[in-house]
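Notes follow the structure.
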Amino acid sequence: MTTKEWLNTESALQPGTELFRSGRRFELCAYANSHGQLLLRSHADLDRPGDPANTTIDVLFKPAEVLKIRDFYDGLVIRCATAQEAEGIQTAYPSIRFYHGDRVFMLESKGEIDYVVAMAVGCREGILTPTRQSFFNDVDASRPRWPSQPLFSAGPRFNLASVQELITALSTTDDAPVRRERYRHVYVVMTRVEPANGPGISGAGVFLTETDAEDARTMIAPKVADCWIETLPIAI
């Protein structure tokens, strides 16, 4: 079961209100320029897969306008800034146009304070399965593909694996629990045929290079009603 909380209303984000507190370690997990998404994460311990308290915690700010953060926090408290704190931080950025819905979130850890200016913050805690990249990036029903990024974005995709990592993943037989956080693309040749009971779509082959996939498509295409290549991520 995953606990969920999304805070974006004026009543929930009153000045000075404490929103989140944890003694766990949080790391900067991802930033996506699409909608200004900032994700902090407290990782589960892969050595304790059966422990019900062994959870992942994701904290998302969106849309983030201004950031003063670090790469990790040993213990984290998030609260709404007081009116005086918010005014001081916003005044320090005269070139930025702040809107009524923007909130200043204070991030406190070991007596030091950072901040994020955003419209909302959300927290989800639960068991993050090996191939799920975060609690905040689900499968899109209009284009059902495995989400290979922690956040929806057309970002730089820093978790693209090397060819050697792909070879190692394909050759290993180790069943130990592991996070599938990196990926490499493969090329799937898809076909559509028109049997008596209606069109049928299926995969004809999976290839490691686009050149090989195009070669196979050229061979198969004359035999079917339609033939195309789909690029899919393979979890590593």
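The values are calculated or read from the model by the stated rules, or taken from the named source; none is laboratory data. The shown structure was predicted, so the numbers you read here are calculated from the model rather than taken from an experiment. Neighbour counts run over all protein chains shown; Cβ positions are idealised from the backbone, glycine included.
Quick notes
- Residue in segment 75-92 that is surrounded by the fewest Cβ atoms within 10 Å (Cβ to Cβ), counting only those that are within 30 Å of Ile127 (Cβ to Cβ) and aliphatic (A, V, I, L, M): Val77
- Thr231 modelled with pLDDT of 85 or more and either loosely packed, with under 11 Cβ neighbours inside 10 Å or polar (S, T, N, Q) (or both): yes
- Flag for Ala169 being more than 25 Å from the chain's Cα centre (by Cα) and either of a type outside the set (Phe, Trp, Tyr) or assigned to a strand (DSSP E or B) (or both): no
- All of (1) loosely packed, with under 14 Cβ neighbours inside 10 Å; (2) touching an Asp or Glu at 6+ places or on another chain (Cβ under 8 Å) hold for Tyr187 with one exception: (1).
A quick yes/no check of all residues on (1) in contact (Cβ under 8 Å) with a residue 24 or more places away in the chain; (2) more than 19 Å from Lys4 (Cβ to Cβ); (3) surrounded by 12 or more Cβ atoms within 10 Å (Cβ to Cβ); (4) more than 23 Å from the chain's Cα centre (by Cα):
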| position | (1), (2), (3), (4) |
| --- | --- |
| Ala53 | no, no, no, no |
| Phe61 | yes, no, yes, no |
| Ala64 | yes, yes, yes, no |
| Tyr73 | yes, yes, yes, no |
| Pro94 | no, yes, no, yes |
| Tyr99 | no, yes, no, yes |
| Ile113 | no, yes, yes, yes |
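- When segment 191-214 is limited to residues that are surrounded by 13 or more Cβ atoms within 10 Å (Cβ to Cβ) and of a type in the set (D, E, K, R), the one that is farthest from Leu170 (Cα to Cα) turns out to be Arg192.
- Flag if Pro199 is at pLDDT below 80, touching a strand residue (DSSP E or B) at 6+ places or on another chain (Cβ under 9 Å) and over 30 Å from Ser134 (Cβ atoms): yes
- Flag if Ala44 is over 21 Å from Trp6 (Cα atoms), among the small types (Gly, Ala, Ser) and out of contact with any helix residue (DSSP H, G or I) (no Cβ under 8 Å at 6 or more places or on another chain): yes
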